[in-house]
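Written below as structure tokens is the structure these notes are about.
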Amino acid sequence: MKRIMRPLRETTPPWSSWYLTMPKLAVSLLVILLVVLLWLLQNNEKEEQRATLIADVLWLEQSIHFHVLSNVEQLQQLSLDLAKDETPEKLFDTRARHLIRTNSELAQIAWLDNDGVMRAALPNHISPRQEVTNTRDTREELAELARKLGKPVFSRTFTSLKDSFFELYVPVYNGNRLAGILVATHSLAGQINQIVPWWFTEKYQLQIIDDDGRILASKSKLNPGRSTISHQVALDPPGYGVSMLVTVNRASSSAVQSLIMTLIILLAVAVFWSLWAMRGLMRRRLAAEQALRTEHAFRKAMEDSLTIGMRARDREGRITYVNPAFCEMTGFVPADLIGALPPYPYWNPDDQERTQQLHNKVLDGQAPREGFELRFRRKNGEHFDALVYEAPLIDADGQHTGWMGSVLDITERKQAEELARQQEEKLQITSRLVTMGEMASTLAHELNQPLSAISSYNTGCINKLDSGNYSANELRGAMEKLGVQAQRAGKIIRRVHDFVRKSEPKLAECDLAEIVDDAIGFIEHFAQKRLVRIERQIPGWRQPLLADQVMIEQVLLNLMRNAIEAMNDKPPQDRLLSIQLIQHERQIEVRVIDRGSGIAAEIQERLFTPFFSTKPDGMGMGLNICRSIIEFHKGRLWVENNPAGGTIFVFTLPLLAP
Ligand code: ADP
């Protein structure tokens, strides 16, 4: 899988970063434009606010001006009326009381005589001026000034603990004679309370300040905060540097604007964040896509390089996929096959029934795991043998969607197998002929013995007859021995006949001990000539077995002859050949034990291969044929080392069930 897990950077195509950069640029631009728009709007609003502020301030200044002037007028009128009236104290009291009631800014109205002594005062005789020490002008100076000018005069402002005040001095003339002076003390706080309407205080903060910048009075419902929009106008009356400073309360709209601004910035941050998250997501997705493409390309290359045909079918048996190898094998193109339902075009019409049965088995999920063989037909009509394996197709959700079959063209393999089988058969025949030849020569030797015995008995008999010195018993004995030898010769001939005539192995119930004895009988002469003793160890009771007698005898003869030949170089007293029969529960074991030269381990491995021989005139087929014969009988043949020196050839044969 390493080839798929390449670093992300390599797999992310360059255009993908554009997909991500463009929205980021657009969002940044949008945010900048919105901020500029908001700033312009705010500026515009500020300008409007400033214009409104100036208009409102001018209006208020006018109102205060007119109001104070109206007070001046009323006091002037009072001064005139006081001069004329007969009971001026009473009139003062009535009019001053009325004035104070209707003008809450009037803290006191006092009537001083020409000497500055208070004749009357409302609401009481203590003037606010008397409570403070910071006055910059005295009452006397002001009264003097009013008298001299002959018209109302305003004092400078002064501040008590609670409030700030200014006074209005109005001279009272009785004809041309000065009859005192009226002093109206105005509270600045009272004045703005009286004159400034409620809506003004909602919008603005109002402060009355003196030329030193001290706040004399103020009125506001809200704190203006850090607002920079303000306007200042001089208040005259009372003059003397007193001015009015009006500051715009921070508008709620600006709070809304900052809220909007904050929201915009938050949204922009959120968009950036989501873009960032999307970038990661997109990268992962692109990497996954790339990995998928690589995987697909890899799979495709793998499929195309396969020599095994692959074809997928859905659960109804409709072909959904074929690979190039399958098309090449059958000669059809994918368009001929995909979507096809049984019988498929490559089915062999002669074998349709079996093919259909196997097909149904596959769809039922009962296809043999080890695969099955079928004969298919190519588009050009040729037939071929196929080995088919079926496996279930499971999709990404774990659903069983159909079956994937791999198809192997085994025609060549089968042909090769057939050829090998034929060759093996030929080899068997050849080796049989060879063995037959060998056997014939052995038998010829064997035959020599009874024939020469017959000949010598015959010569003996004739000699006796010729001499005339014979007894009938003597002759009879010789004749009987002659007969036995003749029978033995006959037996040998019959064996040759049997062996030559055989083509098919014939299994028959037989006793292995008899076969061993027969074989020993055949080989005896050969052994005697080589001074080899033959020893047999055979148990008394034996279970019968099913075997081809001649073949087993042939095996024994082969093994015994090899054993005898292996002891050629041993001293005669050591030349012992033992044949052992051991009966097991289900099989019988035959051991051919010699005291010969033994067999080296590396030779043991090759013993049973055809044409392996260490003898100058050996064919090397004997052991190979022996093993084939034993295996044909469902037994086993192997070799062991004899602990006493030499070799042991062992073969087993299954017993007939009792
Ligand atoms: P052949 O007898 O024609 O050589 P075999 O297949 O019967 O062919 O034997 C193959 C070889 O196995 C012999 O050449 C011999 O070297 C070896 N061999 C067989 N039996 C024995 C044995 N009992 N002791 C030693 N060597 C043996």
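The values are calculated or read from the model by the stated rules, or taken from the named source; none is laboratory data. Fair warning: this is a prediction, and the values are worked out from it, not measured in the lab. Please note: Cβ atoms are built from the backbone with ideal geometry, for glycine as well, and neighbour counts cover all protein chains shown. Heads up: the accessible areas ignore ligands, DNA and RNA and are worked out on the full protein's heavy atoms, side chains in. Shrake-Rupley method; radii C 1.70, N 1.55, O 1.52, S 1.80 Å.
Are there any trypsin sites (Lys or Arg not before Pro) in the stretch 603-642 that are in a DSSP loop and have at most 16 other Cβ atoms within 10 Å? List them by number. Walk me through the intermediate numbers first.
Values: sites: ARG606, ARG627, LYS634, ARG636; in loops: LYS634.
Passing sites in the stretch 603-642 are LYS634.
A simple charge model with +1 on the Cβ of Lys and Arg, -1 on the Cβ of Asp and Glu and nothing else charged puts the dipole of the chain at about 640 debye relative to its Cα centre.
Projected over all directions and averaged, the alpha-carbon convex hull of the stretch 82-219 occupies 9.1 nm².
In the chain, the calculated helix contribution to ellipticity at 222 nm averages -17500 deg cm²/dmol per residue, counting -39,500 (n - 2.57) for every DSSP H run with n ≥ 4.
With a probe of 1.4 Å, find how much accessible area the stretch 146-224 has per residue, and write the answer as a whole number in Å².
Values: 3500 Å² over 79 residues.
Dividing the accessible area of the stretch 146-224 by its residue count gives 44 Å².
Shown for the stretch 501-658: lysine pairs separated by 8 or more places, or found on different chains, whose C-alpha atoms are under 24 Å apart, numbering 5. Among the GluC sites (Glu not before Pro) in the stretch 547-648, those placed in a DSSP loop whose Cβ has at most 10 other Cβ atoms within 10 Å are GLU585. Neighbours of GLY645, meaning other residues whose beta-carbon lies under 10 angstrom from its beta-carbon, give a summed charge of 0 when Lys and Arg score +1 and Asp and Glu score -1.
Counted by Cβ distance under 14 Å from LEU99, the other residues give a net charge of -1, where Lys and Arg count +1 and Asp and Glu count -1.
How charged is the neighbourhood of GLU289? Take every other residue with its Cβ under 12 Å from the Cβ of GLU289, and add Lys/Arg as +1 and Asp/Glu as -1.
Numbers: positive: ARG283, ARG284, ARG285, ARG293; negative: GLU295.
Here the count lands on +3.
At R0 = 60 Å, how high is the FRET efficiency between SER597 and MET302 if r is their beta carbon distance? Nearest 0.05 is fine.
My answer for the efficiency is 0.60.
For the chain, hydrophobic long helices are taken as DSSP H runs at least 20 Å long by C-alpha position along their axis with mean Kyte-Doolittle hydropathy of 0.5 or more; these are 549-566.
Here the chain has 56 percent of its accessible surface on carbon and sulfur atoms, given a 1.4 Å probe and all protein chains in place. To the nearest Å, what is the center-to-center distance of the stretch 580-658 and the stretch 516-533, using C-alpha atoms only? The two parts, judged by their Cα centres, are 18 Å apart. Answer with one residue from VAL233, LEU482, GLY521: the one whose Cα lies farthest towards the positive end of the charge dipole of the chain, charges on Cβ with Lys, Arg +1 and Asp, Glu -1. Positive-most Cα among the choices belongs to LEU482.
The distance from the alpha carbon centre of the stretch 282-310 to that of the stretch 161-231 is 91 Å, rounded to a whole number. Per residue, the convex hull spanned by the Cα atoms of the chain amounts to 392 cubic angstrom.
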